[in-house]
Amino acid sequence: MESQATAEVFLLADNRLLREALIRILSKKTDIQVVGAAPYSAATIERIIAVRPKIVVLDSIAPVFSDARLVSSLQAAIPGVRVAMIDMDLDQDTFLKAVGEGVVGYVLKDASATEVAAMIRAVAAGEAVCPPLLSMALFQWVRRRRPCAGAAGRVLSRREQGLVSLLRDRLTNKEIAVRLNLSEQTVKNHVHRMLRKIGAQDRMAIVERYELPDAGENPSLR
């Protein structure tokens, strides 16, 4: 039987005590190699890209939801890299948003060192890992999304459809207002109506549920 490849891991953890404890624990595993560890910062991201780990493990959800779009940025720079979360709360919304950003491993605060190591091995093997208590939320989320995906374009007005590509680019209401020569409040009203019509929880969920047209400029929102 062929031996399993070593899982090269970078620990992106703000909690120094947790970071040092994980280094000690994971360094004892013959199939896991810690290739770097540091708190989150722009300079650290450059370090991660330089060492090109197979897995990046975070202890905070904040970098995932930041404007830097950490997960997609790492995936663009390091093809095949996988991002996992540890020390997480049992919160469905946070979990689902993390999955939407591309996180493939998610373990809770009460996870043991053995469970963290098992998660890293599973993610390295191409599996996705989440707590059983959150797996039902994931199934229900997919079920709720599916009927809306093709219908979103019919629900939104032509004016609202013109906003989708701008939301996809993660522009703020103010930036959209400047781009379209509108008031910020007008843009805010449009976005609120779109969220209500589609039943989406956030702006990016609108983009996910709407099939963008192949061509054509954004229609006026006046």
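Listed values, structure above:
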{"item": "In segment 91-125, the trypsin sites (Lys or Arg not before Pro) that fall in loop regions by DSSP, at most 15 other Cβ within 10 Å", "result": "109"}
{"item": "At 0.692 mPa s and 37 °C, Stokes diffusion of segment 146-209 via Kirkwood alpha-carbon radius, µm² per second", "result": "281"}
{"item": "Potential lengthening between residue 91 and residue 51 on full extension [0.36 nm per residue; Cα-Cα distance subtracted]", "result": "11.2 nm"}
{"item": "Estimated [θ] at 222 nm from DSSP helical runs (n ≥ 4, -39500 (n - 2.57)) normalised by residues in the chain, nearest 500", "result": "-14500 deg cm²/dmol"}
{"item": "DSSP-defined antiparallel bridges as percent of all bridges, segment 1-147, nearest 5", "result": "0"}
{"item": "Additional length obtainable on full extension of the chain from residue 193 to residue 42, 0.36 nm per residue less Cα span", "result": "50.8 nm"}
{"item": "Rg followed by Dmax, in Å, when segment 1-151 is reduced to its Cα trace", "result": "15.4, 52"}
{"item": "Ranked by how many other beta carbons lie within 10 Å on average, peptides 167-174, 53-60 from highest", "result": "53-60, 167-174"}
{"item": "Among the listed pairs 29/97; 97/197; 109/188, those beyond 28 Å (Cα-Cα)", "result": "29/97; 109/188"}
{"item": "Residue (of 102, 199, 27) at the positive-pole extreme of the chain, dipole from beta-carbon charges", "result": "199"}
{"item": "Point-charge dipole on Cβ atoms (K/R +1, D/E -1) for segment 7-134, about Cα centre, debye to 20", "result": "480"}
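The numbers here are math on the coordinates, done by the rules we state, and not lab data. Note that the coordinates shown come from a computational prediction; the quantities given were computed from them, not determined experimentally. All Cβ positions, even for glycine, are placed from backbone atoms using ideal geometry, and neighbour counts span all protein chains on display.
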